[in-house]
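The values are calculated or read from the model by the stated rules, or taken from the named source; none is laboratory data. What you see is a predicted model; the values in this text were computed from it and never measured. Here Cβ is always computed from backbone atoms with ideal geometry, including for glycine, and neighbour counts include all displayed protein chains.
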Amino acid sequence: MKKSNILLLILVAILSVSCAFDKNFLRPITFKKDLQKLVVNKTVTDSMIIRFSIENHQPSFFDKNNQPISLQYIPESTLFKSSNGYLLHGWMMRPENGVAKATLIHFHGNGSNLFYQMKFVLPLVKKGYQVFIFDYSGFGFSEGKATRKQLLVDGEDAINYVKSRTDVHNMPVFIHGMSYGGNLALCVAAKMQNKIDGVVTEGAFSSHKDLASNGNRKKFMTRLFIKEIYASEKYVSQIKKPLLIIHSQDDTVIPFVNAERIYANATATKKEFLKVKGKHLEASADDLNKIDSAIMNMIQ
């Protein structure tokens, strides 16, 4: 066999394996359309029962004795159509007094779905922000298939949907991405920045290759087998709107060097690098006042 043919076969094999890695980055938990009951925090002494409406999966909350629970923040459940015709599911979370300082469109991480990711946005709702959290295709109640390419489209569709709502008019709108959602948020923002007022990320990675190699660019073979579809460290240079990068120096899930690479490539006139301590994605709880001040500085 000719050397050129051998090289071609090797290249095809590498690309095939690279494509197969796509599912390793996304770990969705899917709900059936007709799901009407979900039991969470199930223990011997306590549990919460969530019941869903058939129309739009609006949740109602009950205790283990099936008595209604009055929560401080009740999500408004909604379904919106993606550009490829699928229905995506989201929640609009509002401050208790109904007055919001800004709207945050939350891009969650690569695992589970919005029910399990909600804990990360509640501190921001309590701080006075209106937060729209949605599930990507193939996550939760959202239709379609979860792929890295599809998530880009879903992010754009979510922004278009939120901007069409009357309850976000006359207030700043930011993309807020955490972990995988942080990488995604920066890539989507580069294309959609005419519809937003800024971008906030926490614990984002700089590229899929960096995520797979734990940020070590000397791991050549590991990086070789990863197909890079979109890298935030590349797209961040196109963003001209205000930018806030939050990352823990103690992060062992997505090492701090990822944030350094993202920030180094940022060209926005108004940008801030908020360095915090603690585990991956703990800043929203532990450094909430710092985050709030930084976001308000972006608005002013």
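When Asp22 is tested against the conditions (1) of a type in the set (Asp, Glu); (2) modelled with pLDDT of 95 or more; (3) surrounded by 13 or more Cβ atoms within 10 Å (Cβ to Cβ), the lone failure is (2).
Could you tell me which residue of the range 101-123 is nearest to the chain's Cα centre (by Cα), considering only residues that are among the small types (Gly, Ala, Ser) and over 15 Å from Lys163 (Cα atoms)?
The qualifying residue nearest to the chain's Cα centre (by Cα) is Gly109.
When restricted to residues that are of a type outside the set (A, V, I, L, M, F, W, C) and either free of Cβ contacts under 8 Å to residues at least 12 places away in the same chain or assigned to a helix (DSSP H, G or I) (or both), the range 266-285 contains 1.
Out of all the residues in the range 281-293, which are within 20 Å of the chain's Cα centre (by Cα), surrounded by fewer than 18 Cβ atoms within 10 Å (Cβ to Cβ) and not charged (D, E, K, R)? Scanning the range 281-293 gives Ala285, Leu288.
Residue-by-condition table, conditions (1) hydrophobic (A, V, I, L, M, F, W, C); (2) under 15 Å from Pro28 (Cα atoms); (3) out of contact with any strand residue (DSSP E or B) (no Cβ under 9 Å at 6 or more places or on another chain); (4) not in a helix (DSSP H, G or I):
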| site | (1), (2), (3), (4) |
| --- | --- |
| Ile74 | yes, no, no, yes |
| Met92 | yes, no, no, yes |
| Glu96 | no, no, yes, yes |
| Gly109 | no, yes, no, yes |
| Phe115 | yes, yes, no, no |
| Lys119 | no, no, yes, no |
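Out of the residues in the range 40-91 that are charged (D, E, K, R), closer than 29 Å to Gly155 by Cα and not assigned by TED's automatic domain parsing to the domain that holds Val162, state the one that is surrounded by the most Cβ atoms within 10 Å (Cβ to Cβ).
It comes out as Arg51.
For (1) under 16 Å from His280 (Cα atoms); (2) assigned to a helix (DSSP H, G or I); (3) at pLDDT 85 or above, each residue gets a yes or a no:
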| position | (1), (2), (3) |
| --- | --- |
| Asn214 | yes, no, no |
| Lys218 | no, no, no |
| Met221 | no, yes, no |
| Glu228 | no, no, no |
| Val236 | no, yes, yes |
| Leu244 | no, no, yes |
| Thr252 | yes, no, yes |
| Ala259 | yes, yes, yes |
| Tyr263 | no, yes, yes |
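The sole residue among Val188, Val200 that is at pLDDT 95 or above, part of a helix (DSSP H, G or I), more than 14 Å from Glu233 (Cβ to Cβ) and out of contact with any Lys or Arg (no Cβ under 9 Å at 6 or more places or on another chain) is Val188. Residues in the range 126-139 that are over 14 Å from the mean Cα position of the chain (by Cα) and surrounded by 22 or more Cβ atoms within 10 Å (Cβ to Cβ): Tyr129, Gln130.
Ser164 falls short on exactly one of the conditions (1) crowded, with 21+ Cβ neighbours inside 10 Å; (2) at pLDDT 95 or above, and that condition is (1).
Looking only at the range 235-265, residues that are surrounded by fewer than 17 Cβ atoms within 10 Å (Cβ to Cβ) and in contact (Cβ under 8 Å) with a residue 40 or more places away in the chain come to 3 in all. Select from the range 140-190 the residues that are among the aromatic types (Phe, Trp, Tyr) and over 14 Å from the mean Cα position of the chain (by Cα) and write down the one among them that is nearest to Phe273 (Cα to Cα). Step by step, filter the range 140-190, then rank; the result is Tyr161.
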